[in-house]
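Heads up, the thing below is written out as structure tokens.
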Amino acid sequence: MYYSKEELENIRKKGEAYINEKDESLNGQRFVSEAQIKICCVHCGHDRFEPGNALLNTRGMTYLGLDWLNESAKILICKRCGFIHWFNKVVSPTDGESMG
């Protein structure tokens, strides 16, 4: 089956409208970097994330059973595509809440 340019354009517009509608229903927070720059997903460009922390294990501390003493990194998980962004610097929600 072949589509005309107009039909393909209509399909593309419907797809974009569907994605935009879904974006509105995705809960999540917007974040800014330490330099007050808005953070967007590098994979899909979305700007809503689920915050979290990840432990940065080292061999020595793991060998000694002291994993809990290792440092942690801030992570933001994109609410649209699930891409995980790792941060060593401070990131904060734009609504003023702290990230913990």
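The values are calculated or read from the model by the stated rules, or taken from the named source; none is laboratory data. All values reported here derive from a predicted model rather than from experimental measurement. Note that each Cβ is placed from the backbone with ideal geometry, even for glycine, and that neighbours are counted across all protein chains shown.
Per-structure values
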read-out	value
Some residue of the stretch 53-65 being surrounded by 11 or more Cβ atoms within 10 Å (Cβ to Cβ), on the phi > 0 side of the Ramachandran plot and modelled with pLDDT of 80 or more	no
Hey, residue 4 surrounded by fewer than 10 Cβ atoms within 10 Å (Cβ to Cβ) and at pLDDT 85 or above or not	yes
Hits in the stretch 35-86 - residues which are among the small types (Gly, Ala, Ser) and under 8 Å from the mean Cα position of the chain (by Cα)	82
Within the stretch 7-36, considering residues that are closer than 18 Å to residue 84 by Cα and of a type in the set (A, V, I, L, M), the one modelled with the highest pLDDT	32
Counted residues, the stretch 42-62 - those being over 17 Å from residue 87 (Cα atoms) and among the charged types (D, E, K, R)	1
Near pairs, Cβ below 6 angstrom, 6+ apart or cross-chain, from the stretch 45-73 (part of a loop (DSSP other than H, G, I, E, B)) to any residue that is among the aliphatic types (A, V, I, L, M)	48/26; 56/73; 70/55; 70/56; 70/61; 71/56
Filter result for residue 72 (modelled with pLDDT of 80 or more, surrounded by 10 or more Cβ atoms within 10 Å (Cβ to Cβ) and hydroxyl-bearing (Ser, Thr, Tyr))	yes
Any hit, the stretch 30-37, residues being surrounded by 11 or more Cβ atoms within 10 Å (Cβ to Cβ) and aromatic (Phe, Trp, Tyr)	yes
Scope the stretch 81-100; condition at pLDDT 80 or above, part of a loop (DSSP other than H, G, I, E, B) and of a type in the set (Gly, Ala, Ser); matching residues	82
